[in-house]
Structures are given as structure tokens and as C-alpha cells.
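Quick notes on the structure that follows.
The values are calculated or read from the model by the stated rules, or taken from the named source; none is laboratory data. A quick note: this is a predicted structure, and the numbers were derived from the prediction, not measured. For neighbour counting, all protein chains shown are included, and Cβ atoms are generated from backbone atoms with ideal geometry for every residue, glycine included.
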Amino acid sequence: MRVPPEFRDRDDTEVAVLDALVARADDGMTVLELRSGVDATIDDVESALSSLKAAGLIDVEQANGRVRIYPDDRVVPDPGANLTDDPGLLDAIRRRLGL
């Protein structure tokens, strides 16, 4: 599952983190799991998490001495939503222009 288009206009690492979190929305992920699932340095992942937390797009919970990160409910697409893995024309143009 991928993040809906309205949340894809962020930094590439932030989008990759959101995509990874959405894929495991029920279980959440630790920072270490995110680091292994996202092709970015730990500093980039931490920076992305900070930005996403400030934007209210992720939730952080601590239980049993472990910190787990979850995507905010509005970031998780409806199960019936038809979101393909192929970026749309508008996404491709934005990426090409660096927007």
C-alpha cells in the first residue's frame, strides 16, 4: 500500500518513510525497522521522522520499553482505494522539476 497522492509532495525520504509505515500500519515500526526498510542514512530517516512528526503525519507510542511509530490515520488509504505503484503524470512532472 502506498501513501495517497496528497501526502506525496514531501521530501523523498519522508515519502519512503510514510510508505513503509503505511505498509505496516497495524503493527507500526521501530526506528531500526524503518532504517532497514528505507534506503536512506539514519540521519536522513531521523530528519524525516522529525518533519513528519511536526506535520502530524505520524504517531509515536512507547510501550514495554519500545518506541513504535505509526502513520496517522489520514495517511493510510482506504483498503478499497486504487492507488497504483506507478506515479502519475503530475507526480512525474513534479519530481522532474524538483517540486
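Brief remarks on what is shown
- All positions within the stretch 17-68 that are farther than 20 Å from Arg2 by Cα, of a type in the set (S, T, N, Q) and either out of contact with any strand residue (DSSP E or B) (no Cβ under 8 Å at 6 or more places or on another chain) or assigned to a loop (DSSP other than H, G, I, E, B) (or both): Thr41, Ser47, Ser50, Asn64
- Cβ separations smaller than 7 Å between residues 6+ apart or across chains give the following pairs from the stretch 20-43 residues that are under 16 Å from Val60 (Cα atoms) and of a type in the set (Gly, Ala, Ser) to residues that are at pLDDT 90 or above and in a helix (DSSP H, G or I): Ala20/Leu34.
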